[in-house]
Amino acid sequence: MDVIMPQLGETVAEGTVLKWYKQVGDAVRADETLFDVETDKVSMEIPAPAAGVLTEIVVPEGVTAKVGARLAVIRAAGEEAAPSAGPSAPAPTAAAQASAGQASTTQASAAPAKSGAAPASPARGSAAAAQASTAPAAAVPLRARDGRGGPPLSPVVRRLCAELELDPGLISGTGPGGRITREDVLLYAESRRPAASAPAAARPPAADAQTRPLTLVRRRTAEHMARAWATVPHVMQAVEVNFAAIGALRRAHGPGWQAKEGFPLTFLPFIARAVCLALGKFPELNSVFEGDALRLNSRINLGIAVDLQREGLVVPVVKDAQARSLAELARAIDDLSSRARAGRLVPDDMSEGTYTLTNNGAFGTVITAPIVNAPQVAILSIDAIRKKPVVVEAAAGDGIAIAPVGMLVQSFDHRAVDGACSASFLTELKSILETRAWQDELRLEGSD
Amino acid sequence: MAELTYREAVAAGIAQELARDESVVFFGEDVAKAGGVFKTTVGLYDRFGPKRVRDCPISEQAILGAAMGAAMTGLKPIAEIMFSDFLAVCWDIVANQIAKTRYMTNGQISLPLVIRTANGAGSRFGAQHSQSVENWAMAVPGLKVVAPAFPADVKGLLAAAVRDPDPVLFFEQKSLYSMKGEVPDGEHCDELGKARVLREGKDCTIVALAAMVHRALGAAAILESEHGIAATVVDLRSLVPLDTQTVLAEVARTGRLITVEENPRLCGWGAELASIVAQECFWDLEGPIVRVTTPHVPLASADLLEDHQVPSVDRVVRAVREALS
């Protein structure tokens, strides 16, 4: 009987076989663990559907197949030995569409299994192992997918991962749609070479103590920033926000929150929530500028810039922030920043951002004009919130009070929107922060 | 260095070779007394006289039959076929006779001749006078095929073609005749079969020929300044011999190939290049190979339609951006 890729979740269309616990020819008991499968949501052990002998493994380890695809064949007790259907097994996925990821998945993976002939390219400046289409290629099969549901890997990425024995699932993709590029692979490989990076950082040449070679993250940040700065016409606008109301709520609910959640309730989730509400009214600021069109995003994936103690910047993303409550945002932000500082972010955490927040205020600045996180269209700096005298207007006469005040500073791409749009967004943001019934949002959380 | 127009470079190249080698002769329709319908051979008749520079009747078969006979008997003829479209009229002589003579005579007879012709669109001459037919020649074994994009290459590659012991088809792009460019002074002879990298960029490799080289360069400039994409641009210059080494090296470096071809889509030189790259460079590719060509239709006479059919700078920019997205 066929062993097929099980349905692993309602929205899951495919899975990657991680490990076979049995080899061809082994006896298998019903419900004995037969293989591990992984999707981008979950990993599971899959039991054998029947007792018998494993006569064929159709989909080897490391290969992705659609739900329902035939993965292996068990000759159940009592069945006659049926002739294997042979290479047509991947037929459901091997549609002749060269562009369809699935077809190239099984065909590309079938190739190295047959012979090491796949990387036939002459060695031409690319990794020297190109000509060695022998043991190394056979031992590390070409993987056509990254195993976490990303776009199919390009030929050069497949080859490099096989040659350098890298797991594409661990490589962060900076190409469109989160695609892994050749550069991503090479940077990742370089970062894993301990000998190279350590001396570079720890021991500058004695003759010139001022020279500090750039780390990987620094280099990448530099390229990204230069490119954004070169192509995006930046305009900076700021509003000054009175955080008195939110400050009061923080004092009132803060201790209870900290006790319950294990982390403090800062201004950031309030600002994040307000940004989501304001972006709802100004969708142009949550878009991508594409030369002759503005591509509006229906989701708000909020990037939160995290500084890694002068090791560079990383921007993990809270996905679908528009659908999250204040508390959910707070938890998500805390989780992402903690994991960022602990170096435990996964590539999915950093992809598909549509708008970015950068919290420079944590370092005490009054105003910052950040660089737009291209290809996004705008970025918001949250600068320091500190007590200032503010004018309070009243019928009886104006007075002065002391309130926590901070600047929210937006840099935007002037090709995509004009100052009026950005300014209106900022005044809306200010209004939400200063006048929204935040206590209702906190109270909705039930407890505290 | 002197600044010459593309058409002046044609005359300069022919003159250089006529002066250098007595066995070189030049003939075609209206090339002598009239200086060529495109004014590409002005002055040659006056300078070299009627024995070296001749007018022919309107018969492509006669022109090339004479060229072949002249080449067989010790001369080095340069023959002009006024519009490359008309090669079809004498194609039997080109494909079945000229291309195969060396092989069929076991090397006893070689034909050191050059057939120059005005190729390509942009002049509103309509379907029968605007074709890019260099691929007809590329497809016949035994012919060398050259298509320069710059005046310097016109002179240098024409000289190399004349000095080549085998038949060379030299495709001039008629819409480029007025363009100006720097041409080295003195004797200038280039090398057939060598492409030139005109611009370096790490994101993709754009390969183009003749008039499309200038479109590719225009597109690369826009891609860099407006879209942050750094493109390498390669001027192929010759189709046969084909400089595969340069193209493969550049594609291996950037991981992407885009061709810009003035010919209609089917069986254009870009398809051959794509197949070579897909076979020998597959494991360096970041994404699919893209060809930007004229669609597979006869060209229109109307200016707006013709401009719409032939790849424009805009179309190249869009194709590259799409490929990289």
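The values are calculated or read from the model by the stated rules, or taken from the named source; none is laboratory data. Not measured: the values here are computed from a predicted model. Please note: Cβ atoms are built from the backbone with ideal geometry, for glycine as well, and neighbour counts cover all protein chains shown.
Checking the condition in contact with a strand residue (DSSP E or B) (Cβ under 9 Å, 6 or more places away or on another chain), within 19 Å of residue A:316 (Cβ to Cβ) and away from chain B (no Cβ under 12 Å), which residue from A:169, A:178, A:147 passes?
Answer to the check: A:169.
Would you pick out the residues in segment A:296-345 that are of a type in the set (Lys, Arg) and modelled with pLDDT of 90 or more?
Across segment A:296-345, the qualifying residues are A:299, A:319, A:324, A:331.
Do we have any residue at all in segment A:398-418 that's out of contact with any strand residue (DSSP E or B) (no Cβ under 9 Å at 6 or more places or on another chain), more than 18 Å from residue A:283 (Cα to Cα) and of a type outside the set (D, E, K, R)?
No.
For the list (1) of a type outside the set (D, E, K, R); (2) surrounded by fewer than 19 Cβ atoms within 10 Å (Cβ to Cβ); (3) assigned to a helix (DSSP H, G or I), I need the number of the one condition that residue B:197 fails.
It fails just one condition, (3).
Quick check: anything in segment B:262-273 among the aliphatic types (A, V, I, L, M) and surrounded by 21 or more Cβ atoms within 10 Å (Cβ to Cβ)?
Yes, segment B:262-273 contains a residue that is among the aliphatic types (A, V, I, L, M) and surrounded by 21 or more Cβ atoms within 10 Å (Cβ to Cβ).
Among the candidates B:229, B:222, B:206, single out the residue that is part of a loop (DSSP other than H, G, I, E, B), over 20 Å from residue B:156 (Cα atoms) and touching a residue at least 60 places away in the same chain (Cβ under 8 Å).
Just a single option satisfies the conditions, and that option is B:229.
Six or more apart or on different chains, Cβ atoms under 7 Å: show the pairs whose first residue is in segment B:62-78 and under 15 Å from residue B:143 (Cβ atoms) and in the same structural domain as residue B:114 (by TED's automatic domain parsing) and whose second is of a type in the set (S, T, N, Q) and at pLDDT 95 or above.
B:68/B:97
Could you please tell me which pairs satisfy a Cβ distance under 8 Å, a separation of 6+ or placement on different chains, a first residue in segment B:114-125 that is within 15 Å of residue B:88 (Cα to Cα), and a second residue that is acidic (Asp, Glu) and surrounded by fewer than 24 Cβ atoms within 10 Å (Cβ to Cβ)?
From residues that are within 15 Å of residue B:88 (Cα to Cα), there are no pairs.
Any residue that is in a strand (DSSP E or B) and at pLDDT 85 or above - is there at least one of those in segment A:38-45?
no
Can you find, within segment B:180-192, the residue that is nearest to the other protein chains (Cβ to nearest Cβ) among those that are in a loop (DSSP other than H, G, I, E, B) and buried (at least 17 other Cβ atoms within 10 Å of the Cβ)?
Here the residue is B:192.
Considering every residue within segment B:158-166, establish whether at least one is in contact (Cβ under 8 Å) with a residue 12 or more places away in the chain, assigned to a loop (DSSP other than H, G, I, E, B), closer than 26 Å to residue B:194 by Cβ and not charged (D, E, K, R).
Yes: one or more hits.
From B:84, B:59, grab the single residue that is of a type outside the set (Phe, Trp, Tyr) and under 20 Å from residue B:178 (Cβ atoms).
Result: B:84 is the single residue among B:84, B:59 that is of a type outside the set (Phe, Trp, Tyr) and under 20 Å from residue B:178 (Cβ atoms).
For the list (1) more than 14 Å from chain A (Cβ to nearest Cβ); (2) out of contact with any His (no Cβ under 9 Å at 6 or more places or on another chain); (3) assigned to a loop (DSSP other than H, G, I, E, B), I need the number of the one condition that residue B:149 fails.
The one condition residue B:149 does not meet is (2).
With the requirement that a residue be crowded, with 20+ Cβ neighbours inside 10 Å and of a type in the set (A, V, I, L, M, F, W, C), what does segment A:306-318 give you?
A:306, A:314, A:315, A:317, A:318
Only one of A:241, A:232 is in contact with a helix residue (DSSP H, G or I) (Cβ under 9 Å, 6 or more places away or on another chain), among the β-branched types (Val, Ile, Thr) and closer than 19 Å to residue A:356 by Cβ. Can you tell me which?
A:241
Give the residue, chosen from A:244, A:248, that is without any contact (Cβ under 8 Å) to a residue 12 or more places away in the chain and among the aliphatic types (A, V, I, L, M).
Selected residue: A:248, the only one of A:244, A:248 that is without any contact (Cβ under 8 Å) to a residue 12 or more places away in the chain and among the aliphatic types (A, V, I, L, M).
Given the conditions (1) within 20 Å of residue A:375 (Cβ to Cβ); (2) modelled with pLDDT of 90 or more; (3) away from chain B (no Cβ under 11 Å), which single one is not true for residue A:221?
Result: residue A:221 passes all but (2).
Please identify the pairs in which a residue from segment A:24-48 that is under 20 Å from residue A:12 (Cβ atoms) and surrounded by 15 or more Cβ atoms within 10 Å (Cβ to Cβ) has its Cβ atom under 6 Å from the Cβ atom of a residue that is among the charged types (D, E, K, R) and modelled with pLDDT under 80, counting only partners at least 6 apart or on another chain.
Taking only residues 6 or more apart or on different chains, the pairs are A:40/A:148.
Taking segment A:335-348 as the search range and keeping residues that are surrounded by 15 or more Cβ atoms within 10 Å (Cβ to Cβ) and touching a Ser or Thr at 6+ places or on another chain (Cβ under 9 Å), which one is farthest from residue A:150 (Cα to Cα)?
A:345
Do any helices (runs of 4 or more DSSP H) entirely within segment B:232-325 hold 3 or more residues that are in contact (Cβ under 8 Å) with a residue 12 or more places away in the chain, away from every other protein chain (no Cβ under 14 Å) and at negative phi, and if so, which?
The helices (runs of 4 or more DSSP H) meeting that bar are B:269-280, B:303-309.
Taking segment B:90-145 only, how many residues are crowded, with 16+ Cβ neighbours inside 10 Å, of a type outside the set (Asp, Glu) and not in a loop (DSSP other than H, G, I, E, B)?
21
Condition test on residue A:159, is it at pLDDT 85 or above, within 14 Å of chain B (Cβ to nearest Cβ), surrounded by 15 or more Cβ atoms within 10 Å (Cβ to Cβ) and under 24 Å from residue A:316 (Cβ atoms)?
No; evaluated as a whole, the condition is false for this residue.
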